[in-house]
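Bear in mind that the values in this text are calculations on the coordinates, not laboratory data. It should be emphasised that the depicted structure is a prediction, and the values quoted were computed from it without experimental measurement. Cβ sites come from the backbone with ideal geometry, for glycine too, and all protein chains shown count toward neighbours.
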Amino acid sequence: MADTNVEGSGRRVADKIAIVTGAASPVGKACAELFADEGATVIATDHKPGDARIAQHDASSEKDWQRVIAETLAAHGRIDILVQTAQEFFLMPFLEMSLEDLRGVCRSNVESAWLGIKHTIPAMRKTGGGAIVNVSSVLGNVALADAAAYCSAASGVRIMTKSAALECAAAEDNIYVNSVQAGAVEWALRAGSAGGAAAAKGSPLLGHPAVEPADVAAAALFLATPDSKYTTGMDLIIDGGHAAG
Amino acid sequence: MGCLAGKVAIVTGASGGLGRAFAMEMAADGAKVVGTGRNVERGEKTVSLIKEKGGEAIFLPTDVTKEAAWQEVMDRTLQTYGRLDSVINNAGDSILKPLEDLTLDDLQFLLQLNLEGSFLGTKAAMQTMGPEGGCVINVTVLSALGGNLHSTAYSAAKGALSHFTRAAALAGAPRNVRVNNIVPGVLFPKGELPEGATRVHGGRKGAQIFVDMIIAKTPLKRIGDPPDVGRAAVYLCSDAARMVTGIDMIVDGGRMARAP
């Protein structure tokens, strides 16, 4: 397998059919572009496409998932890779949050990831397997003030990933499920609260002030190729060392 | 061409199965490799396997538990290849005995080889790597993350190493030196029982019982292949992983998803 996995070879996911959600946002866009550069046919989706090449898809809607899966199978016959980046970043002090705020965050982050897994596994099982990569946040590993809802959601996606991985392994269906826990990516800067400023203040690594979307995409690619064929149920932290300290 | 073209990597324990896999995968992606170890014949074999595939490597017989030996390795690496980008602290060993049979000597031996060797290697790496920094990988094990009643002393040594990595990641950050753990599950080259396993588990029958137990505990229902761990090292040492530091990179067939 190693000889087809030279980075930059343009062939690391050659001939694979990959769905990438959240493709209108920086991380999803970076994933879609990298996977396409490495030879995949990418079905890029988002709830606010803004671009004719991105398909309309509310990842928290079961109907939309059924439609996207059916359309992908009709056009391409298979799904090999699912990269889920669709999510909503949300910061608010605990006592200012409403129950509706919490439910909204769970819907955009946990329910979306859950629906993606649920509706993609049956398709992957029909064609011999695949790789699911859930792009979550390092705030699912370590907490931040003003981020209780988001931390709960990110943590939920992280551990759900592991459960799904165990079920797939038990079914011997050749489906690998892993997550990427990304830290301080630029969209955190948009939140504007004190917690957001703390999240965005940078990593311990000199010269690299923030995790870039391209870093997350590279990790997702690693987890979607045979380079990681003995890794399932892992959460890969990319955060410049925040969680280590 | 590969993602490590132009980079230079030290791999300790390059005479053994896992060390050879690290060295060969790094070389396959373009790194020049300095292998170290105690068995010269097997170390030179690693070098010749790399050269057969068009790569570059040398082997330096070294005792990684000696500070002076690390200085020598660093000097030879810079003399031969002019730079240093990665150090994979793979040299290590285990002693599997029930707690009541383990001695203080056993514990101290394991600490010396697994912790001290990697401590010295990490420190030497930080002193030798240039302004672009680099990547140190410490090879730990599942029992560093969760207790294992068959290897309390080994768990202690690898657990200490595992946590050292996290602190070292913070220490290395100002110099752009990333430090990560790779956590492999049980690996046998091509699924064969290596002689080491037979020795450690008291013969072929004991080793087979061990293998069956591991497979039963592994979600992917197979023993790992050393090149899989090598590919994880290639990713971590590449620029794609420039923001990855202080983590546990797990290559274990899914065991850590529930418990080791």
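Please get the size of the charge dipole for the range A:3-244, origin at its Cα centre, with Cβ charges of +1 on Lys and Arg and -1 on Asp and Glu, quoted in debye to the nearest 20. Please list the in-between numbers first.
Details: 19 positive and 28 negative charges, 66 e Å.
With only Lys, Arg, Asp and Glu charged at Cβ, the dipole is about 320 debye.
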Of all beta bridges DSSP finds with both residues in chain B, what is the antiparallel percent, to the nearest 5? 0
Considering amide H positions built from the backbone, and no H for Pro or chain starts, which residues 5 or more places from A:Val20, or on another chain, come under 5 Å of its amide H? A:Ile43, A:Ala44, A:Thr45, A:Val83
For A:91-102, A:124-135, A:68-79, A:160-171, ranked highest to lowest by mean beta-carbon neighbours within 10 Å, the order is A:124-135, A:160-171, A:68-79, A:91-102
If amide H atoms are built 1.01 Å from N in the plane of the peptide, which residues on other chains or at least 5 residues away come under 5 Å of the amide H of B:Arg178? B:Gly134, B:Cys135, B:Val136
When each of A:Lys162/B:Lys158; A:Lys16/A:Lys63; B:Lys158/B:Lys217; B:Lys7/B:Lys51; A:Lys229/B:Lys123; B:Lys53/B:Lys221 is checked by Cα-Cα distance, pairs over 27 Å: A:Lys229/B:Lys123; B:Lys53/B:Lys221
What angle do you read, to the nearest 10 degrees and between 0 and 90, between the alpha-carbon axis of helix B:17-28 and the longest principal axis of chain B? 30
Mind listing the phi-derived Karplus ³J(HN,Hα) values for the range A:123-139, rounded to whole Hz, using 6.51, -1.76 and 1.60 with θ = phi - 60°, and x for any glycine or proline? 5, 5, 5, 6, 10, x, x, x, 10, 10, 10, 9, 8, 10, 10, 5, 6
Taking placed amide H atoms and a strict 5 Å upper bound, the residues 5 or more places from B:Asp93 or on another chain that come that close are B:Asn114
Other residues with Cβ under 12 Å from the Cβ of B:Thr65 give, with Lys and Arg +1 and Asp and Glu -1, a net charge of -2
Taking only Cα atoms, what is the 0 to 90° angle, nearest 10, from helix B:226-237's long axis to the longest principal axis of chain B? 40
The range A:72-78 - phi-based ³J(HN,Hα) in whole Hz, Karplus 6.51/-1.76/1.60, Gly and Pro as x: 5, 5, 5, 7, 10, x, 6
For the pair B:Asp212 and A:Asp15, how long in nm is the line joining their label points, each one 7 Å along Cα→Cβ? 4.0
For helix A:213-223, what angle does its Cα long axis make with the longest principal axis of chain A, in degrees from 0 to 90 and rounded to 10? 40
Per the helix-only model, the protein assembly as shown has a calculated mean residue ellipticity at 222 nm (DSSP H runs of ≥4, -39500 (n - 2.57) each, divided over all residues, rounded to the nearest 500) of -12500 deg cm²/dmol
Between A:Asp37 and A:Glu172, 0.36 nm times their residue separation minus their Cα-Cα distance comes to what? 45.6 nm
Residue-wise, which Karplus ³J(HN,Hα) couplings in Hz belong to the range B:41-58, taking 6.51 cos²θ - 1.76 cosθ + 1.60, θ = phi - 60°, and x for glycine or proline? 4, 6, x, 5, 5, 4, 4, 5, 5, 5, 5, 4, 8, x, x, 10, 7, 9
